[in-house]
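Scroll down for the structure; my scribbles are underneath it.
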Amino acid sequence: MEHSFRRRRLGGRPALLSPRDRAWRGIVPTFADCLALAEAGSPFQTAVERRYDRSADRRRLPRALAAGESVFFPQAHQVLPRLMRLMVALRSTFLGGGREETSFLFLAEGQGREAMGLNHDGETDAFWLQVEGRRHLTIGPPVPRGTPEDLDFRRIPARRAAGPGPSGGWWSGTLAPGTLLYLPPRTPHRVIYHDRSIALSLTWKRSTGRARPDAMALLDWDVAAGRADRVPPESRDCLFAQAPALAAPLRPGARVFTLRVPGGVMMLPAAAHPLARRLAVMPQWPGVRVPPRGGALALLAAHGLVAPRDLPLRIIPTAPKALDGWRFA
């Protein structure tokens, strides 16, 4: 599926994917806990009908939400480790390393209002995940390079297709919880909120030159220093990757292999190679426990690469003013 999507869709036409399981529910915290990111010092902005407030004044949040404004947190992955894990998986599976990455967490109470109007995101591959509530979306065919990002809504035709399929024309529909949407570069889009919504927008900027993908950048783990809001309980029947890792190819007859992790390199026995190869996408192993001794999983656990405890949902940053999201203000 991954190779087919990369070949047929990436950079081509939009794709709307329905959830296959419930894992998406655990990526971000509740609506109230998402709003608490502001109390912990994360930068945020509000927007309604192309009017923006970049003051990050926490006192305005209740009034802004009640008025139907959208609240969004740039670079939210720095304080949401499970969101960073999703970005690692998308990067490793579809996009490659070395591209500028951004994340936005959007919150809205929904009053039938839009935030940014009809616009496009330039030369980026974008993945949207609807986490809670529903959003009404209209998308169209890519605009020419160099087109201003803010577009006239009168571009939208009265008649639109039934789905974002092979026609490549205009389409309107609803993003339900769990829906993952891929948007290729320069895709015009317009979003209207009709009820409470939590949504994620993740983008990867396309290189303008011929730069080769940076394999080591697959290990980027951009989570801020701080403390967990709540430590997840230990699981009795699931293992979780704790950081991305890249296993070098195993040479014939070799007894060890090189495993690159954020900030270092380690040598591991060849028996761990089949499992270590999967760490690039930070998988979970449901129904699996670390054996008391021996085996590849026990070896990876001993090095802190897997554990029976999920990543925390939210980090309270030690230095909130150093968060990357402030550069979007």
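Throughout, read-outs are computed from the coordinates displayed, never taken from laboratory work. Values in this document were obtained by computation on a predicted structure and should not be read as measured data. Counting neighbours? That spans all protein chains shown, and the Cβs are built from the backbone with ideal geometry, glycine included.
Which loop trypsin sites (Lys or Arg not before Pro) in segment 258-304, with loop taken from DSSP, have no more than 15 other Cβ atoms within 10 angstrom of their Cβ? Don't skip to the answer; put the middle values down first.
Working: sites: Arg260, Arg277, Arg278, Arg289, Arg293; in loops: Arg289, Arg293.
The qualifying sites are Arg289, Arg293.
Annotation: amide H-H contacts under 5 Å for Arg314 (H modelled 1.01 Å from N, sequence separation of 5 or more, or interchain): Asp229, Arg230. Taken over the alpha carbons of segment 43-118 as equal point scatterers, the Debye sum produces base-10 log I(q)/I(0) values at 0.11, 0.13 Å⁻¹ of -0.36, -0.48.
Are there any GluC sites (Glu not before Pro) in segment 68-125 that are in a DSSP loop and have at most 10 other Cβ atoms within 10 Å? List them by number. Provide the component values of the computation, followed by the final result.
On the way: sites: Glu69, Glu100, Glu101, Glu109, Glu114, Glu123; in loops: Glu69, Glu100, Glu109, Glu123.
Counting only loop positions with at most 10 other Cβ atoms within 10 Å, the GluC sites (Glu not before Pro) in segment 68-125 are Glu100.
3J(HN,Hα) along segment 169-186: x, 7, 8, 10, x, 10, 8, 8, x, x, 6, 10, 10, 9, 10, x, x, 6 Hz, from the Karplus curve 6.51 cos²θ - 1.76 cosθ + 1.60 with θ = phi - 60°, whole Hz, x for Gly and Pro.
Estimated purely from DSSP H runs of n ≥ 4, each contributing -39500 (n - 2.57), the mean residue ellipticity at 222 nm for the chain is -3500 deg cm²/dmol once divided by its residues. In segment 216-329, Rg over Rh equals 1.03, where Rg is the alpha-carbon radius of gyration and Rh the Kirkwood radius from pairwise Cα distances. Our coupling estimate for segment 230-246, obtained by passing each phi through the Karplus curve with A = 6.51, B = -1.76, C = 1.60 and θ = phi - 60°, is 9, 7, x, x, 6, 8, 8, 9, 8, 10, 10, 5, 9, 6, x, 8, 10 Hz, Gly and Pro reported as x. Given R0 = 35 Å, the distance between the Cβ atoms of Ile156 and Arg251 translates into a calculated FRET efficiency of 0.05. Computed from the alpha carbon atoms alone, the convex hull of segment 5-81 holds 158 Å³ per residue. Each residue, Asp222 and Thr30, gets one label point 7 Å from its Cα in the Cβ direction; the gap between the two is 3.0 nm. Apply the Debye scattering formula to the chain, with a single equal point scatterer on each alpha-carbon and no solvent, then give log10 I(q)/I(0) at q = 0.06 Å⁻¹. Each listed q corresponds, in turn, to -0.23.
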